[in-house]
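The values are calculated or read from the model by the stated rules, or taken from the named source; none is laboratory data. Because the structure is predicted, anything quoted here is derived from the model rather than measured. Here Cβ is always computed from backbone atoms with ideal geometry, including for glycine, and neighbour counts include all displayed protein chains.
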Amino acid sequence: MLPSPPLAALSKSAAAARRAATAAACRSRLLVLPAVTSLVPEPSSPALLRCIRLMPQQEGPRTPLPMPLGRGFSVVAGGAGAVLELEGGDSELVVVSFYRFADFPDHAELRRPLKELCEELRVSGGIILAPEGINGSICGTPEAVEKVLNFIQADDRLKGLRMIQSPVTPEDEAIHHGHTSHSPVGAGEDAPFRWDHVRVKLKKEIVALGDPDVMPTKMVGKYVKPKDWNALISDPDTVVIDVRNMYEIRIGKFKRAVDPCTNSFREFPSWVDDQFQLAESDSQPSSGNNDSSTDGQLEDLNSCEPKKLPRVAMYCTGGIRCEKASSFLLSKGFKEVYHLEGGILKYLEEIPKAESLWEGECFVFDKRVSVEHGLAQGTHKLCYGCKKPVSDEDMESPEWEYGVSCPYCFATKSEEEKERARARQRQFEAWGVIGGPDKGRSPKKLEAKHTVEEGKELSSSV
């Protein structure tokens, strides 16, 4: 395996100074959270607790907004005066993935104020706004992330965001603070964990299925808690469907799960239609998957009479895709449609490994690449040629070239594409950013950009 370029992490003195400054600021004043749930685990060891300031209470009565408090946090005071404290000293940042299906025709109006707030608070990541709702993953200090989530949920249509919170590794924290990483896009324009870098995009769908008639706001399947999931998928009368893509399923899935062999979520409706067209004829089931348990599930699926649709249990990474897929199946006439609440991530967080039916690792769309039980970082890395996970064995292949290609994309890339990727890698190793230092963003550039935009708006209004 070719070694990765060394991580340019924070120096010990700089890190110590920054943490000391943060601790001093925390001691100077404590802010309070709105009333929070009691789902937060208490610290398992007497590790040092560092208080993180959070958004102050607004004056007058206020409806508590749900805030996902993941591993590494504890509530030391209940009720409206709850204080969030960060366990240990490993990280000052959190990653929160969230989504909400809603009737949101004026979604474009939220884009600019939301982006400006994220930039002001130095919250990084990506957010999608669409007529059907909001979907995003952001990284920042607990205080900053809380403010962004409160701002979003100030719109009644977006209250009750479904959220999953994860810790941040020291490497990702270094990237977020503007330092380079072994990742060729770690400090580039596409870096999700980087100060002042957030993308707020307008799209037709928050998760692209390609069927405008599918409306999770109108009908959706039944949510299943992680603690009840094992019993459901162990029932032989339940067809378990993984609605993720092939490259995600390749590194991990639930036992007995059917792999639709899709390259994108848009292919899922066609897969469903094809399977039940086969059920109406005497055609043989697809042989796209070599897993014997999966073949058995497909045979069961295709042996069903068209009007006797099976009970279906679906799952995905965080819940958003199977929520939309459940709405699609209900529109097709399925009567019993279930999906895992909180997705694989919630299951891995709550269910002990000894009781788990999960096999392998779960691919995630951030710098961690994959996670295991307890949301511990997995062993997979990312191929920056195709943005797909690779294992240690994959990196032993002669088709693996760091920052360029892997066994899964080597044959699909031309020599010209590979040479461009090598040039990009050389730029990163030399400058720490893709395209050289002129591509780095700075407060002065941001200020100049905003000034130009405001000038254009003023001239157009005149």
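For the stretch 312-364, a residue qualifies if it is within 23 Å of Asp237 (Cβ to Cβ), aromatic (Phe, Trp, Tyr) and touching a Ser or Thr at 6+ places or on another chain (Cβ under 9 Å), and the qualifying residues are Phe334, Tyr338, Tyr347. Taken over the stretch 366-404, the residue count meeting the criterion of being part of a loop (DSSP other than H, G, I, E, B) and of a type in the set (A, V, I, L, M, F, W, C) is 5. In summary, Pro105 fulfils each of the numbered conditions (1) closer than 16 Å to Lys203 by Cβ; (2) outside any loop (DSSP other than H, G, I, E, B); (3) not hydrophobic (A, V, I, L, M, F, W, C) with the single exception of condition (2).
Yes/no per residue for (1) under 22 Å from Tyr347 (Cβ atoms); (2) touching a residue at least 60 places away in the same chain (Cβ under 8 Å); (3) in the same structural domain as Asn263 (by TED's automatic domain parsing):
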site: Leu375; (1), (2), (3): yes, yes, no
site: Gly385; (1), (2), (3): no, no, no
site: Pro389; (1), (2), (3): yes, yes, no
site: Asp392; (1), (2), (3): no, yes, no
site: Gly403; (1), (2), (3): no, yes, no
site: Cys409; (1), (2), (3): no, no, no
site: Glu419; (1), (2), (3): no, no, no
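Of the strands (runs of 3 or more DSSP E) lying entirely inside the stretch 298-365, those carrying at least 3 residues that are modelled with pLDDT of 90 or more and over 14 Å from Tyr223 (Cβ atoms) are 358-360.
Residues of the stretch 108-138 that are assigned to a strand (DSSP E or B) and out of contact with any helix residue (DSSP H, G or I) (no Cβ under 9 Å at 6 or more places or on another chain): Gly126, Ile128, Ser137. On the given criteria, is Gly160 part of a loop (DSSP other than H, G, I, E, B), closer than 24 Å to Leu345 by Cβ and at pLDDT 50 or above? Answer is yes for this residue.
For (1) farther than 21 Å from Phe334 by Cα; (2) at pLDDT 90 or above; (3) buried (at least 16 other Cβ atoms within 10 Å of the Cβ), each residue gets a yes or a no:
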position: Trp195; (1), (2), (3): yes, no, yes
position: Val220; (1), (2), (3): no, yes, yes
position: Lys227; (1), (2), (3): yes, yes, no
position: Ala231; (1), (2), (3): no, yes, no
position: Asp242; (1), (2), (3): no, yes, yes
